Amino acid sequence: MEVERIFRNNRKWAEKMASTDGDYFNRLARGQNPDILYIGCSDSRVSAEEMMGLHPGEVFVHRNIANMVPNTDLNVMSVINYAVRYLKVNSIVVCGHYKCGGIHAAMMQEDMGILNPWLRNIRDVYRLHKSELDSIKNTEARYRRLAELNVTEQCINVIKTAVVQEAYYDRKLNVYGWVFDISRGHIIDLEIDFEGILRDIMDIYRINRKANQNK
Ligand code: CO
């Protein structure tokens with residue numbers, strides 16, 4: 001792909017947007033007010049806004065390999081903090097996908113170099129759910145299930161943060177777990193029981209003053 005093509009595309013897109021809505025870029029320039037934070041995989045086939053049918057300004061996006069929310073990752077933690085505290089999003093989505101290279105890599109016994117510490121977060125999810133996963137004989141189905149379980153675990157990691165706990169008690173912020181089925185183009189809602197998870201884990205992970213008042 002030549003970079004020139006991208007610039008041609010860009011100018012065409014900018015003209016089209018401006019000609020259909022004269023105020024479009026002025027509006028974007030005035031600021032953002034997205035209602036949703038999307039945490040997804042960097043995979044080039046899983047394009048956040050496009051698959052959700054949303055436009056620039058509507059969703060705050062964070063992507064990394066296998067849509068992880070590691071406790072010590074300053075990047076994702078900063079994104080969550082900024083989105084919840086300053087943009088005041090009311091929903092956080094963790095979206096995984098089937099045929100995820102990160103999930104596949106984590107299930108292989110291989111030294112992946114600099115990727116090792118990152119993939120270990122996924123291996124930890126495998127360890128937590130080893131008996132269920134090992135009972136699935138079909139390899140593809142096992143990968144799919146790990147992608148789903150990984151989403152659930154990353155939603156739990158989102159809930160462990162103080163800002164999310166505070167926003168939940170302040171304004172009922174909600175956390176959703178989805179998985180994108182690449183071969184059909186469908187987003188599947190895993191129907192994570194956010195309130196149930198919250199009840200189960202808060203005895204251990206409650207770190208917010210408001211969460212303490214609402215015991
Ligand atoms: Co992926």
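Overview of values
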item	result
Residues that are within 14 Å of the chain's Cα centre (by Cα), in contact (Cβ under 8 Å) with a residue 40 or more places away in the chain and under 14 Å from Met52 (Cα atoms), drawn from region 178-191	Trp178, Val179, Phe180, Ile187
Some residue of region 111-134 being away from the ligand (no atom under 12 Å from the Cβ), in a loop (DSSP other than H, G, I, E, B), surrounded by fewer than 18 Cβ atoms within 10 Å (Cβ to Cβ) and polar (S, T, N, Q)	no
Residue match in region 118-126 (condition: touching a Pro at 6+ places or on another chain (Cβ under 7 Å), of a type in the set (Asp, Glu) and modelled with pLDDT of 95 or more)	no
Which numbered condition Ala105 misses (of (1) surrounded by 11 or more Cβ atoms within 10 Å (Cβ to Cβ); (2) within 16 Å of the ligand (Cβ to nearest atom); (3) free of Cβ contacts under 8 Å to residues at least 12 places away in the same chain)	(3)
Qualifying position, being among the acidic types (Asp, Glu) and either within 16 Å of the ligand (Cβ to nearest atom) or at positive phi (or both), among Asp43, Asp35	Asp43
Region 64-77 - residue that is outside any loop (DSSP other than H, G, I, E, B) and either farther than 16 Å from Val93 by Cα or within 16 Å of the ligand (Cβ to nearest atom) (or both) and, of those, least open to solvent (accessible area, probe 1.4 Å)	Val76
Filter result for Asp43 (within 23 Å of Arg145 (Cα to Cα) and of a type in the set (Asp, Glu))	yes
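Here is a yes/no grid of residues against (1) touching a residue at least 60 places away in the same chain (Cβ under 8 Å); (2) polar (S, T, N, Q):
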{"residue": "Leu54", "(1), (2)": "no, no"}
{"residue": "Asn64", "(1), (2)": "no, yes"}
{"residue": "Leu74", "(1), (2)": "no, no"}
{"residue": "Ile92", "(1), (2)": "yes, no"}
{"residue": "Lys99", "(1), (2)": "yes, no"}
{"residue": "Pro117", "(1), (2)": "no, no"}
{"residue": "Ile122", "(1), (2)": "no, no"}
{"residue": "His129", "(1), (2)": "no, no"}
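The values are calculated or read from the model by the stated rules, or taken from the named source; none is laboratory data. Keep in mind that this is a model prediction, so the values were computed, not measured. Neighbour counts are summed over all protein chains in view; Cβ atoms, including those assigned to glycine, are modelled from backbone coordinates with ideal geometry. Side chains included, ligands, DNA and RNA excluded: accessible areas come from the protein's heavy atoms. Shrake-Rupley method; radii C 1.70, N 1.55, O 1.52, S 1.80 Å.
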